[in-house]
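To start, the structure itself, in structure tokens.
The values are calculated or read from the model by the stated rules, or taken from the named source; none is laboratory data. As the structure is a computational prediction, the values presented were derived from the model and not from experiment. Here the Cβ positions follow ideal geometry from the backbone for every residue, glycine too, while neighbour counts run over all protein chains shown. Accessible surface is based on the protein model in full, side chains and every heavy atom, while ligands, DNA and RNA are left aside. Shrake-Rupley method; radii C 1.70, N 1.55, O 1.52, S 1.80 Å.
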Amino acid sequence: MMGRFFAVEEVEGGSITTPKGFRACGLYCGLKKSQRNDLGAIYCEVPAAAAAVYTTNLFQAAPIQVTRDSLAAEGKLQAVVVNSGNANACTGSRGVDDAYRMRAAAARALDIPDHYVGVASTGVIGELLPMDKVESGIAKIPGLLGEDGAAAFCEAILTTDLVKKELCVRLTIDGQTVHIAGAAKGSGMIQPNMATMLAFLTTDANIGAEPLQALLREVTDETFNMITVDGDTSTNDMVVVMASGLAGHRPLHPRHPEWSAFKEAFRKVAEHLAKAIARDGEGATKLVEVRVSGAESDAAARAVAKTVIGSSLVKTAIFGADANWGRIIAAVGRAGQRIDTGTVDIRLGDIVMMEMSRPVPFDEERAAEYLKGDPVVIHIDLHMGDGRAIAWGCDLTYEYVRINAAYRT
């Protein structure tokens with residue numbers, strides 16, 4: 001980010017339970033064929049200011065309806081319960097009833113009001129939840145919650161993910177230490193706007209639901225909405241943030257003198273999780289970053305960056321270490337933005353391939369070696385204005401086809 005520098009430190013070993021007031025857990029309740037955790041929860045000792053953003057897919061899964069309903073009551077959550085292995089999506093009125101049953105079961109178990117519980121699900125679409133297993137698992141949550149439960153929670157939300165995705169940072173506001181942490185899952189069906197992804201952020205910052213919601217929307221547009229793996233948008237995607245307010249500083253809002261510091265730290269966590277999702281794309285071998293500058297506006301730059309990062313031809317060329325810049329310029333041209341076709345520069349890392357829309361001789365072997373590395377960074381300068389954006393994705397491999405050809409089996 002540009003402007004004043006703020007000290008935002010990563011917390012080694014930190015997790016979603018590092019911010020004051022939070023505990024978590026994960027367990028196996030029988031939703032997955034494997035014996036991996038498939039039910040998890042985050043709990044706050046006080047009602048937390050909360051905000052959320054959701055998938056733009058018109059077929060939104062039942063848990064999204066329930067979480068929207070919970071947040072509409074007071075803008076607060078005290079717990080989020082999550083299952084993997086079953087999306088509870090496209091399951092009709094029975095699915096909605098089951099999502100509300102999950103909420104009610106968690107509220108009973110934790111002795112909190114129903115509307116203080118958010119619900120999330122991920123997994124196979126179109127299958128009903130085995131509610132006997134889910135409710136039996138939820139009943140065990142209170143006895144498992146702990147400050148050491150973050151790792152079990154992270155495992156509980158995974159589907160085809162190969163790695164857990166988490167980060168915790170700290171900064172100082174009004175002389176008080178503030179933590180922001182996040183955990184996410186996502187590997188396939190990843191396409192803005194958002195992805196087959198769930199992300200959960202916790203913080204002990206003192207901030208109201210309204211400024212928190214505005215911040216989440218702004219940061220999501222720059223991070224989670226700038227990733228793609230395969231061009232598909234899922235039914236269940238959700239990012240939820242909970243703020244306990246226990247750090248002890250004055251309430252945060254855009255006029256607070258250290259608002260920029262908090263925003264920078266919040267964005268750092270979101271960007272880390274977004275990039276981790278892109279890097280862990282199903283079958284992927286490397287992270288790909290597209291940096292667009294010189295656009296007429298930031299919105300135009302985002303559109304170009306997302307079109308290039310989402311191009312299957314670009315992604316397969318990168319997998320094959322083929323420096324086929326023609327695929328990049330073709331994607332730029334179909335991004336739906338006004339482009340001066342005589343002023344485009346393209347680089348792979350520091351290897352110049354095009355200047356002012358004219359090809360530049362380059363070392364093919366050096367370019368191939370660069371494309372075998374990780375990450376791969378594509379620079380595109382449109383020379384039309386000050387707009388800029390960054391998008392993240394991955395290469396497209398044989399393994400992606402294998403995984404998704406047999407997803408239900």
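Centre-to-centre, using Cα atoms only, segment 105-122 and segment 54-82 are separated by 11 Å.
Between Ile141, Ile227, Ile309, the residue with the greatest mean-square fluctuation in the GNM of the chain (Cα pairs under 10 Å linked by springs) is Ile141. Looking at segment 343-386, the trypsin sites (Lys or Arg not before Pro) that sit in a DSSP loop and have at most 15 other Cβ atoms within 10 Å of their own Cβ are Lys372.
Expressed to the nearest 5 percent, the antiparallel share of DSSP beta bridges inside segment 28-128 is 50 percent. Placing +1 on the Cβ of every Lys and Arg and -1 on the Cβ of every Asp and Glu, with nothing else charged, gives the chain a dipole about its Cα centre of roughly 580 debye.
Classify segment 124-163 as rounded, prolate or oblate from the Cα gyration tensor: take a ≥ b ≥ c as the square roots of its eigenvalues, call it rounded if a/c is under 1.5, otherwise prolate when a/b beats b/c and oblate if not. Here segment 124-163 falls in the oblate category. Each Lys and Arg Cβ is given +1 and each Asp and Glu Cβ -1; about its Cα centre, segment 105-214 then shows a dipole of about 240 debye.
The angle between the Cα long axis of helix 62-74 and the longest principal axis of the Cα atoms of the chain comes to about 70 degrees, rounded to the nearest 10.
Computed from Cα positions, the angle between helix 92-110 and the longest principal axis of the chain comes to roughly 60 degrees. In sequence order, segment 217-223 has phi-based couplings of 4, 4, 5, 4, 4, 8, 10 Hz under the Karplus curve 6.51 cos²θ - 1.76 cosθ + 1.60, θ = phi - 60°, and Gly or Pro positions carry x. Helix 298-309 and the long axis of the chain differ in direction by around 80°, with both axes built from C-alpha atoms.
Return a whole-number percent for the relative contact order of the chain, with Cα pairs under 8 Å and 6 or more residues apart as the contact set.
18 percent
Couplings 3J(HN,Hα) of segment 379-386, computed from phi: 9, 10, 10, 8, 6, 10, x, 9 Hz, in residue order, whole Hz [Karplus 6.51 cos²θ - 1.76 cosθ + 1.60, θ = phi - 60°; x for Gly and Pro]. Dividing the summed -39500 (n - 2.57) terms of all DSSP H runs of n ≥ 4 by the residue count of the chain sets its mean residue ellipticity at 222 nm at -10000 deg cm²/dmol.
If the cut-off is a Cα-Cα distance under 19 Å, which lysines reach Lys133, setting aside same-chain residues fewer than 8 apart in sequence? Cross-link targets: Lys32, Lys33. Taking Glu222, Glu271, Glu45 as the candidate residues, the one with maximal mean-square fluctuation in a Gaussian network model of the chain, Cα springs under 10 Å, is Glu45.
Per residue, the chain exposes 41 Å² of solvent-accessible protein surface, assessed with a 1.4 angstrom probe and all protein chains in place.
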